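The values are calculated or read from the model by the stated rules, or taken from the named source; none is laboratory data. From a predicted model like this one, the values you see are computed outputs, not experimental measurements. Using ideal geometry, Cβ is built from the backbone for each residue, glycine included, and neighbour counts are taken over all protein chains shown.
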Amino acid sequence: MMGTKALALEMFCKINGHAYLRFDYQGHGQSSGDFIDGTIGIWAADALAVLDACTQGPQVLVGSSMGGWIMLLVALARRERVCGLLGVASAPDFTEDLIWKKLDGVQTRALARHGFFDVANAYTEPPTRITRGLIEEGRNHLLLRQAIPLRCPVQLLHGMEDKDVPWETSLRLLNRIQSEDVTATFVTEGDHRLSEAVDIQRLEQTLKSLLDSLIQG
């Protein structure tokens, strides 16, 4: 919740008179708990709890990376509440497609023997610990294997130089969502975070366009 994009969107919403809510999943940021105890289902439940307890009326959800997966799960669970989605480098199904399917021999053995393995994290000093529970529980929430029955407007942003989540993931997502109003913008030199000044400006403009279309509609 203290990330560049989250803070920039908070300021954008304040300036433009929109309510805004940001939070950290358990085991992340300022929230309690340990990351290694978390799963996609637990974090989606966190998001649903926040949506139900702290918001009223129709909502636009914004999710970055794993948050893009959570955003979709929440929208499916609260279709009557969610009127628009904005995904940044969305990573649905990453536990299966970007972790499980790409394990090397050392990681496979570590997972079988210890129930986890560590991978270097380009954004934080300690490595990220990937657990067997995270991968196995993630299979309960896979979305890209079938049509995604969402009808609200959806905007997707993805950098084509993303080293963590391939831009093709957003292309697959574009083709799975059943809404007739889905737009994907691929940024030629954009990285995974899309947090540079020009990226933030694009993010704000995309959100403004989405909100304007919903208000006018």
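Summary table
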| item | result |
| --- | --- |
| Residue within region 32-44 that is crowded, with 16+ Cβ neighbours inside 10 Å and charged (D, E, K, R) present | no |
| Gly84 touching a residue at least 40 places away in the same chain (Cβ under 8 Å) and of a type outside the set (Asp, Glu) | yes |
| Breaking point among (1) part of a helix (DSSP H, G or I); (2) free of Cβ contacts under 8 Å to residues at least 60 places away in the same chain, for Glu189 | (1) |
| Matching entry among Thr128, Thr108, Thr95 (being touching a Gly at 6+ places or on another chain (Cβ under 6 Å) and of a type in the set (Val, Ile, Thr)) | Thr95 |
| Among residues of region 119-163, those that are modelled with pLDDT of 95 or more and not in a helix (DSSP H, G or I), counted | 24 |
| Residue identified as hydroxyl-bearing (Ser, Thr, Tyr), assigned to a loop (DSSP other than H, G, I, E, B) and more than 26 Å from Gly41 (Cβ to Cβ) among Ser213, Ser179, Ser195 | Ser195 |
| Any hit, region 23-35, residues being aromatic (Phe, Trp, Tyr) and in a helix (DSSP H, G or I) | yes |
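Okay, residues lined up against (1) closer than 26 Å to Gly115 by Cα; (2) over 13 Å from the mean Cα position of the chain (by Cα); (3) crowded, with 19+ Cβ neighbours inside 10 Å:
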| residue | (1), (2), (3) |
| --- | --- |
| Ile15 | no, yes, no |
| Gln26 | yes, yes, no |
| Gly29 | yes, yes, no |
| Ala49 | no, yes, no |
| Asp52 | no, yes, no |
| Leu61 | no, no, yes |
